[in-house]
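Asks: Quick one: the structure is below, questions incoming.
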Amino acid sequence: MDNLKEDLKNQIIEQLNLEDITPADIADDVLLFDDGGLGLDSIDALELIVLLEKYHGIQVINPEEGKVAFKSINTMAEYIRNRKVE
Amino acid sequence: MYYISAASSITHQPTFQNVGFSAVIEPLRESSVLLNPDYKGFIDAGLLRRMSKILRMSVACAKDCISQAEIEQPGAIIVGTGLGCLLDTEKFLNNVLTIEGLLPPTAFIQSTHNTMAGQISLSIGNHGYNMTHTQNTLSFENALLDAMLLLDEHGDNILVGAADEAIEFLNEISGKLHFQLTHPITSGASFFILSNVKNVNPLACVKDSRAIGLVQHVGSEVHAFLKENELNAEDLDLVLFSGVGGHISGGVEDVFENLGIAENKSHNYLTYSGIYPTTSAFALHLAIDKMKTDKSLRNVLICNTFIQSNLGLTLLQSIEA
């Protein structure tokens, strides 16, 4: 099990107050901002930016980066790992 | 004449979707809690997860009213609130004090007073007139007056209501807010559909409403208000008031006694609602419910003297009157 991805799922549930959703309900490749996925919106995008700084010490300066990074749990984990290597 | 075709309240009393509640409610106990319905039946889960108590109450009452009135959309949404979204305000301020770096946006966005009217609008997809009034204990009366003015000009089926929510901190600053804690501080939301057309089953009529600041003599104001509406004190079948004593012109009960209103015709509605700035909206629903079950009630006066310097007067009439 990828601990970073599991941590991210728990952090998203807490930060976005996703009632009735457990980490098991969020597949690694599910589209976070798609109605068929978690159905997140623009306010949630801001919350995810706060989440990255709060839990991972990463500031998202370029909005274009966020568009790619916040697609799914997989892309978020990849983005965090890449930023930590820099 | 302004017809009320729907009424919905979420309070510490069993008011929600409970016609006839006025006959069964008892004076509020210190340990009373807000009686929440299952909000999932009224609010989309995606929106519900962000909503604080006051937003949940407001949106659920608004949707209940729309359903009762059997309308697609209200012509306007007008909300009164004395203190606004306190839970989110408190959360945001705590975030400011405790978080270094970026602040979570949700509590800030939802801390503003107009969030209730905005969330109701978003929840039902309404693009009409959307207004929030915040004038302390006269917020509901001002919202009601706005609705009445709007109906005089144009529009129909206006959703008008009021809400306030309690947080623990209010107990600490009650003196600064001029709250006299004769009853527990509570939360509540009451919404109504107001129309200038007599629909199939109107509940009651709002004949007139008044919001008066810096009031010096309640008795004179009540007398003048009744006179303008061609009524005498003895024409009133019921007076619901929120006096807590120590008024500039004496206790509010004394005012009614001096006007010749029998003691058994006047009731302090704070006994049932508890204390929050917009309890006069609760009183309006209480009066409507009483009038529905007791046809002898034709003229009801709601006299909001919760804070010494503010006076809210609303005259309600039965459909038959």
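The values are calculated or read from the model by the stated rules, or taken from the named source; none is laboratory data. Note that the structure is a prediction, hence the values are computed from the model and not measured. Ideal geometry is used to build each Cβ from the backbone, glycine not excepted, and the neighbour counts take in all protein chains shown.
Asks: Go through (1) more than 14 Å from chain A (Cβ to nearest Cβ); (2) within 22 Å of residue B:150 (Cβ to Cβ); (3) in contact (Cβ under 8 Å) with a residue 24 or more places away in the chain; (4) not polar (S, T, N, Q) for residue B:72 and report which single condition fails.
Replies: Condition (3) is where residue B:72 drops out.
Asks: Restricting attention to the stretch A:56-78, does a residue exist that is within 10 Å of chain B (Cβ to nearest Cβ) and surrounded by fewer than 17 Cβ atoms within 10 Å (Cβ to Cβ)?
Replies: Looking through the stretch A:56-78, at least one residue is within 10 Å of chain B (Cβ to nearest Cβ) and surrounded by fewer than 17 Cβ atoms within 10 Å (Cβ to Cβ).
Asks: Quick check on my filter: what residues within the stretch B:94-108 are within 19 Å of residue A:41 (Cα to Cα) and touching a residue at least 12 places away in the same chain (Cβ under 8 Å)?
Replies: If the condition is that a residue be within 19 Å of residue A:41 (Cα to Cα) and touching a residue at least 12 places away in the same chain (Cβ under 8 Å), then B:106, B:107, B:108 are the ones that fit.
Asks: Further, regarding this structure: Which condition breaks for residue A:60 when tested against (1) farther than 23 Å from residue B:40 by Cβ; (2) not in a loop (DSSP other than H, G, I, E, B)?
Replies: Evaluating residue A:60 over (1) farther than 23 Å from residue B:40 by Cβ; (2) not in a loop (DSSP other than H, G, I, E, B) leaves (2) as the failure.
Asks: Which condition breaks for residue B:30 when tested against (1) assigned to a loop (DSSP other than H, G, I, E, B); (2) modelled with pLDDT under 95; (3) crowded, with 17+ Cβ neighbours inside 10 Å?
Replies: With (1) assigned to a loop (DSSP other than H, G, I, E, B); (2) modelled with pLDDT under 95; (3) crowded, with 17+ Cβ neighbours inside 10 Å applied to residue B:30, the lone miss is (3).
Asks: Every residue in the stretch A:15-54 that is more than 8 Å from chain B (Cβ to nearest Cβ), within 16 Å of residue A:76 (Cα to Cα), over 10 Å from the mean Cα position of the chain (by Cα) and assigned to a helix (DSSP H, G or I), please.
Replies: Result: A:23, single match.
Asks: Among the residues of the stretch B:134-145, is there at least one that is part of a helix (DSSP H, G or I), at positive phi and away from chain A (no Cβ under 14 Å)?
Replies: Yes.
Asks: I've got another one for you. Is it the case that some residue within the stretch B:101-113 is assigned by TED's automatic domain parsing to the domain that holds residue B:188, buried (at least 23 other Cβ atoms within 10 Å of the Cβ), touching a strand residue (DSSP E or B) at 6+ places or on another chain (Cβ under 8 Å) and closer than 18 Å to residue B:61 by Cβ?
Replies: The answer is no; no qualifying residue exists.
Asks: Any idea how many residues of the stretch B:190-233 are under 17 Å from residue B:318 (Cβ atoms), of a type outside the set (S, T, N, Q) and not in a loop (DSSP other than H, G, I, E, B)?
Replies: 8
Asks: When residues of the stretch B:289-312 are filtered for being surrounded by fewer than 24 Cβ atoms within 10 Å (Cβ to Cβ) and touching a residue at least 60 places away in the same chain (Cβ under 8 Å), how many remain?
Replies: So the answer is 11.
Asks: Scanning for something modelled with pLDDT of 95 or more, assigned to a helix (DSSP H, G or I), among the aliphatic types (A, V, I, L, M) and under 17 Å from residue B:192 (Cα atoms), does the stretch B:45-54 turn up at least one residue?
Replies: Scanning the stretch B:45-54, I find at least one residue that is modelled with pLDDT of 95 or more, assigned to a helix (DSSP H, G or I), among the aliphatic types (A, V, I, L, M) and under 17 Å from residue B:192 (Cα atoms), so the answer is yes.
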